[in-house]
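Here is the structure we will look at, set down as structure tokens.
The values are calculated or read from the model by the stated rules, or taken from the named source; none is laboratory data. Every value quoted in this text rests on a predicted model; they were computed, and no experiment measured them. Cβ sites come from the backbone with ideal geometry, for glycine too, and all protein chains shown count toward neighbours. These accessible areas exclude ligands, DNA and RNA; they are computed on the full protein's heavy atoms, side chains included. Shrake-Rupley method; radii C 1.70, N 1.55, O 1.52, S 1.80 Å.
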Amino acid sequence: MSTIRLTVNGKPVSADVEDRTLLVHLLRDHLGLTGTHIGCDTSQCGACTVHIDGCAVKSCTVLVGQANGSNITTIEGIANGDELHPMQAAFRDNHGLQCGFCTPGMIMASIDIVHRHGSALTEDILRQELEGNICRCTGYHNIVKSVLNAAGRMTAAQAAE
Amino acid sequence: MGIEGIGTRALRKEDKRFITGKGRYVDDIRLHGMTYAAFVRSPYAHAKVTAIDTAPALEMPGVVAVLTGKELVDDKIGNLICGWMIHSRDGSPMKMGAWPAMAPEIVRFVGQAVAVVIAETRNQARDAAEAVVVTYEELPAVVDMREAVASGAPQLHPEAPGNVIFDWTLGDEVATDAAFKAAANVVSLDITNNRLAPNAIEPRAAIAEYDPAEEHFTLYTTSQNPHVARLVLSAFYNIAQEHKLRVIAPDVGGGFGSKIFIYPEEMVALWASKKTGRPVKWTADRTEAFLTDAHGRDHLSKAEMAFDKDNRITGLRVKTYANLGAYMSLFSSSVPTYLYATLLSGQYNIPAIFAEVISVYTNTAPVDAYRGAGRPEASYLVERLMETAARQLKVDPTELRRKNFITQFPHQTPVIMASDIGDFNASLDAAMKAIDYAGFPARKAKAESEGKLRGIGVSCYIEACGIAPSKAVGSLGAGVGLWESAEVRVNPVGTIEVLTGSHSHGQGHETSFAQVVAGRLGISIDQVQIVHGDTDKVQFGMGTYGSRSAAVGLSAIVKAMEKVEAKAKKIVAHQLEASENDIVIEEGQFKVAGTDKAIAFPMVALAAYTAHNLPDGMEPGLKESAFYDPSNFTFPAGSYICEVEVDAGTGKTTFINFVAADDFGRLINPMIVEGQVHGGLAQGIGQALLEHAVYDENGQLLTASFMDYAMPRAEDLPSFKIQHTMTECPGNPLGVKGCGEAGAIGASAAVINAITDAIGNNDLAMPASPDRVWHAIHG
């Protein structure tokens, strides 16, 4: 057992966990943050994607010990109160989800992609970069539309700051 | 604010919880005192279980119980069944082998459970499952369906000699043979429709809780049809009485058919919750999903089409072997028969059809309905044949199709289906225009000059969905009725709860169903709440599969709405001293036509509940229910055309364009409909290019993870061009047809037709991987 201290969605968290505990299980089972989903056992589907210190990471691939001391953001932590994150809003406005199961991971991965590419993001780059997230419902058509739409909103917001 | 009624691209009401991480899927639910189940599964495809030593596992930390298949059978928990009876051509009923929820004696596919560990935590359960010692005596296995029916093959079930479940026929053999004898040309093709894993991204899961005081079970499960689950669990499996079992299917992360069926794990969880006195949760990992979710497709066919000298089709003869795996899943027998052979007429006038279907057992996971269920297999076969015929007859594939299109409706095919309406030329026109079919030869020439192989492929599919009517399917062997139920509860303040037997697992019912209700009354969709997925709330329902939600589920809601409106009009007519025939509903008002006398809808609702001023003898309240049994299937149809470029050096296929032109009748929410098409296309294209569930000769599943099974990713797919044409379905009150499966039904033939056109070799099986395409080009 180890005592883990980290910050999750801006709040300090400590937990005593088995050393083999994965970050996704800490989030879901110990903290009740069930928006982060588990869709596979091999870090292929990306449903569990969260941000560790601002970078998109598959939380089923991270032992909580590795995340000790870091800053975790989950799908529950990206909206500003009632105001949706531009990526969340874009997914809704562009019908970028159906069953919603891959959606949190897709949104978390996409925010990171937009942060890294900004206004240089193209459909080709986006389709390549979404390689780590699987959706079975949408055929990606509207996910691509959503992320490109959000990229516009996010870069416009950055420019305004 | 405008009213978001039928035809509006209303944004989805349900999305808020999904995009904020507040969805509530089965694995998100925790009950007080909950334990976790981990199954002990067979590593062999075929083996005798000679001993199970549970003692080492029972000593592991946190272990509450270890239960075996023998205990399950001793407790008289019944065998899993197939609910659609098919008879062989000799009149004998299908041969169903026994399928206990955990195998007490013989295992017949890798992954079949023999025992279950119940423990305090998930990890403890998994650790202890590793410690259960099972002694197997390996038996010879067979995975290839041709080998399964050969003499001397390993036998799976004593009930099914030769591993043949049924040898079924449909159509007129004599007339078809005569057509082939008289034919000017015959086109024949051997067709493999490869095995797929459905792969909803949410793995299957179940939580069972037994209340000994009430002798009552609650089951949370990833189900597309919770009422059917309750019915089957109670009526056939002896788990609980129907009124003592509540089944809840909360947010469900995709189904695609794989969550229609009742699986062993749900049965075991319920049974184990009673045995242990604790709530039991089981959640599949992805490998368990690959091993135990019902797979899809897996047909081998010999197909022949006869033409007269004018290139008109005179006959179609098909012999199909269908692999149903090691056991017969809940609706498996209907897929290669009444959902497949009845669609072999396609969009064409074919005077004589004869189909023979031989279903066989093999030592593989059970096969059942997967997006489209039988119809993709039929469409792929017919559309590969048509394209092949066009090449052989040296005519344009679109012209050959047009010449043979059904143009008079209704049209009775020789294989049961009677299509009610359609305009196949309109869809083909729309698709050809959108892809600039006329400009293709020039584009191909240009690509050739740059050393690229360019091809174009057409697929004109038809499907039959909203499967019905109950009387007809009953006569064909179905074990359930295929109606839908609805209840409309108007609250005293004028908000509305609509209870539906349909189940939404991504299809957006909470929005599109609300649109229909809101549009009729002229109120906001925010005033309408759609309630589904809980057998304690909704009295009964058949769930969602086969694109039945709009055509059947919504029609039931409309029927209930008509009753609500009729009663409301009576109330208004009474209060305004008018004739109820003069009351019209406009923009949220119940008005006396041609006057300014009106009562707003919320006041009508309130009046129904205050009951101070109702017509004499009228019951208070405003709540009505309806069961709707359709008079016929609906027949969505369309034309898909794709243009591809193949790299001769690598065999890699790249999409230039993909156009889908569909006729779904009236569209409730075009945004949602297009999303459904996109998803279906991805699964059809996935089958054509990437997906394949592969067993080795010993029955080991080689594609048991996302690292081995090629799921389509964003980079593998193009953006799609979607076109809509419309003929209103005459068979239901909304004129709707159904859109959920179309993409998966029509896409794979278009892709393979395009690649074979590009490479000039028709001998290409799915999935057309770069390796296969390279060999098809270079030999």
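State the Cα centre-to-centre distance between the range A:35-61 and the range B:405-429 in whole Å. Each part's Cα centre sits 48 Å from the other's. Couplings 3J(HN,Hα) for the range B:2-7, derived from phi with the Karplus relation 6.51 cos²θ - 1.76 cosθ + 1.60 (θ = phi - 60°), are x, 8, 8, x, 4, x Hz, where x marks Gly and Pro.
The lysines whose alpha-carbon is closer than 26 Å to the alpha-carbon of B:Lys452, local same-chain residues fewer than 8 away aside, are B:Lys394, B:Lys433, B:Lys444, B:Lys652, B:Lys721. Each of the peptides B:402-409, B:669-676 was scored by the mean count of other Cβ atoms within 10 Å over its residues; in descending order, highest first, they stand as B:669-676, B:402-409.
Of all DSSP-defined beta bridges confined to the range B:170-249, some 60% are antiparallel rather than parallel.
Show the residues, 5+ positions off or on another chain, whose built amide H is closer than 5 Å to the amide H of B:Val142. Placed amide hydrogens put B:Asn363 under 5 Å from B:Val142. B:Ser258 contributes about 0 Å² of solvent-accessible surface, heavy atoms of the protein only, 1.4 Å probe. Close amide H partners of B:Asn657, meaning residues 5 or more places away or on another chain with modelled amide H under 5 Å apart, are B:Glu643. Averaged over the residues of peptide B:202-209, the number of Cβ atoms from other protein chains lying within 10 Å of each residue's Cβ is 2.
Around the Cα centre of the range B:593-744, unit charges on the Cβ atoms of Lys, Arg, Asp and Glu (plus for the first two, minus for the last two) sum to a dipole of about 500 debye.
Partner shielding of B:670-682 amounts to 4, given as the average count of beta-carbon atoms from other chains within 10 Å of each residue beta-carbon. Proximity of backbone amide H atoms, modeled 1.01 Å from N, is registered between B:Thr222 and B:Ala205 at under 5 Å, excluding neighbours fewer than 5 places apart on the same chain. Taken as entire DSSP H runs, the helices of chain B that both span 15 Å or more between Cα atoms along their own long axis and average -0.5 or more on the Kyte-Doolittle scale are B:264-276, B:375-393, B:424-435, B:509-521, B:555-576, B:670-689, B:742-759.
Remark: chain B carries a charge dipole of roughly 720 debye about the Cα centre, counting +1 on each Lys and Arg Cβ and -1 on each Asp and Glu Cβ. On a straight-distance basis, which aspartates and glutamates could pair with B:Lys244 in a cross-link, Cα separation under 13 angstrom, same-chain partners fewer than 8 positions away excluded? Correct list for B:Lys244: B:Glu209, B:Asp211, B:Glu214, B:Glu215, B:Asp536.
Applied to the range A:149-161, the Karplus parametrisation 6.51 cos²θ - 1.76 cosθ + 1.60 on θ = phi - 60° returns per-residue 3J(HN,Hα) values of 5, 5, 4, x, 5, 5, 6, 5, 5, 4, 5, 6, 6 Hz, with x for Gly and Pro. What percent antiparallel are the DSSP beta bridges of the range A:2-77, to the nearest 5? Counting only bridges with both partners in the range A:2-77, antiparallel ones make up about 90 percent.
Among B:Thr364, B:Thr654, the order of accessible area from largest down is B:Thr654, B:Thr364, computed with a 1.4 Å probe on protein heavy atoms.
Give me the extension gain from B:Lys652 to B:Ala182: residue separation times 0.36 nm, minus the current Cα-Cα distance, reported in nm with one decimal.
Working: separation 470, 0.36 × 470 = 169.20 nm, distance 4.21 nm.
Length gained, B:Lys652 through B:Ala182: 165.0 nm.
Look at the stretch B:9-19: the mean tally of other chain Cβ atoms within 10 Å of its residues' Cβ atoms is 6. Here the range A:106-161 is assigned +1 on the Cβ of each Lys and Arg and -1 on the Cβ of each Asp and Glu. Its dipole about the Cα centre then comes out at about 180 debye.
What is the angle, in °, between the Cα long axis of helix A:103-117 and the longest principal axis of the Cα atoms in chain A? Nearest 10 is fine, range 0 to 90. Approximately 70 degrees, to the nearest ten. Using a 1.4 angstrom probe on protein heavy atoms only, the contact between B and A buries about 4400 square angstrom of accessible area, both sides summed. Here B:Lys570 is the anchor, and the lysines within straight C-alpha reach of less than 24 Å, apart from those fewer than 8 places off in the same chain, are B:Lys559, B:Lys591, B:Lys597, B:Lys623.
Name the residue farthest towards the positive end of the dipole of chain B from the options B:Thr653, B:Leu476, B:Ala206, assuming +1 on Cβ of Lys and Arg, -1 on Cβ of Asp and Glu, about the Cα centre. Selected residue: B:Thr653.
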